[in-house]
Amino acid sequence: MQADGVIGRYAIGGAVGATFYLEPAATLDVDVFVTLPGLSEKTLVSLTPIYEYLKGHGCKPEGEHIIIGAWPVQFLLPSNGLENEALSQAVQADAGGIPTWVMTAEHLVAIALQTGRQKDHGRILQFFDHKAIDHAKLGAIVTRYGLDDKWKKFKKRYFDD
Amino acid sequence: MTSERRRKLASLSFGEKLELLELLRDRSLLLAEARKKLARKKDRVEGHKNDKTLPRSS
């Protein structure tokens, strides 16, 4: 899709992205953050070209997902600075011989903190259990995107710190 | 799950983990389907119990 100019950068986020760093945990779909090429800020953004392209390649849409291979995939546009940075600093990962891009552990944790659901908190704790986090890097991201209060509350709740 | 097993799972390659994710997802879908079937069955049974127009066995 990148080679055909349908998408710009992309990075796997969510539970599947976290699996790059952690043990696999059940999830039903794949979240892929994408940028669209050739868009100015004033352009009305639509994911239609991605879905049309994939439908042309035999993929079936299903609600807000599109089935690629065995997986329902949801394409997401970065909706804030944190997600934009996560996308631009994604790291390359090998998925069974296929090179792909995954968000860094610190960005996945920061996004989970920002989203703040119970399952997101659970995932953050997993990252800590696995010592998969560079604390200085995470601290810088947390401060850069105004998540200090959320981070303090999280630590107080789970680490009594 | 023991922390040792979790560490081993975490040290698998991304490709191997994705294969496991597929298995986990299939199992989750199967479980969800089974739960739905059970709920439908329960609804049917409750529906019969509450249906006063049906003849009751003595």
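All of A:S79, A:S88 fail the test of being exposed (fewer than 15 other Cβ atoms within 10 Å of the Cβ) and either touching an Asp or Glu at 6+ places or on another chain (Cβ under 9 Å) or in contact (Cβ under 8 Å) with a residue 24 or more places away in the chain (or both), apart from A:S88.
Would you call A:L36 away from every other protein chain (no Cβ under 14 Å), of a type in the set (A, V, I, L, M, F, W, C) and farther than 25 Å from B:L29 by Cβ? For A:L36, the condition - away from every other protein chain (no Cβ under 14 Å), of a type in the set (A, V, I, L, M, F, W, C) and farther than 25 Å from B:L29 by Cβ - is met.
Residues being touching a residue at least 60 places away in the same chain (Cβ under 8 Å), within 25 Å of A:E23 (Cα to Cα) and within 18 Å of the chain's Cα centre (by Cα): count how many of those fall in segment A:113-161. Adding up the residues that qualify gives 4. Within segment A:147-161, the set of residues being at pLDDT 95 or above and either at positive phi or part of a loop (DSSP other than H, G, I, E, B) (or both) comprises A:L147 only. Are any of the residues in segment A:35-55 closer than 26 Å to B:L23 by Cβ and surrounded by fewer than 20 Cβ atoms within 10 Å (Cβ to Cβ)? Checking segment A:35-55: at least one residue is closer than 26 Å to B:L23 by Cβ and surrounded by fewer than 20 Cβ atoms within 10 Å (Cβ to Cβ). Whenever a residue of segment A:8-22 is closer than 16 Å to B:E16 by Cβ, its partners that are among the aromatic types (F, W, Y), lying with C-beta atoms within less than 6 angstrom and at least six residues away or across chains, give the pairs A:F20/B:F14. A search for C-beta distances below 9 Å between a residue of segment B:21-46 that is within 14 Å of chain A (Cβ to nearest Cβ) and any residue that is assigned to a helix (DSSP H, G or I) and surrounded by 11 or more Cβ atoms within 10 Å (Cβ to Cβ), counting only pairs 6+ apart in sequence or on different chains, returns B:L21/A:A15; B:L21/A:V16; B:L21/A:T19. Checking each residue in segment B:1-27 for being within 19 Å of A:G97 (Cα to Cα), assigned to a helix (DSSP H, G or I) and either of a type in the set (S, T, N, Q) or in contact with a Phe, Trp or Tyr (Cβ under 7 Å, 6 or more places away or on another chain) (or both) picks out only B:F14.
The values are calculated or read from the model by the stated rules, or taken from the named source; none is laboratory data. What you see is a predicted model, and the numbers here were worked out from it, not measured in a lab. All Cβ positions, even for glycine, are placed from backbone atoms using ideal geometry, and neighbour counts span all protein chains on display.
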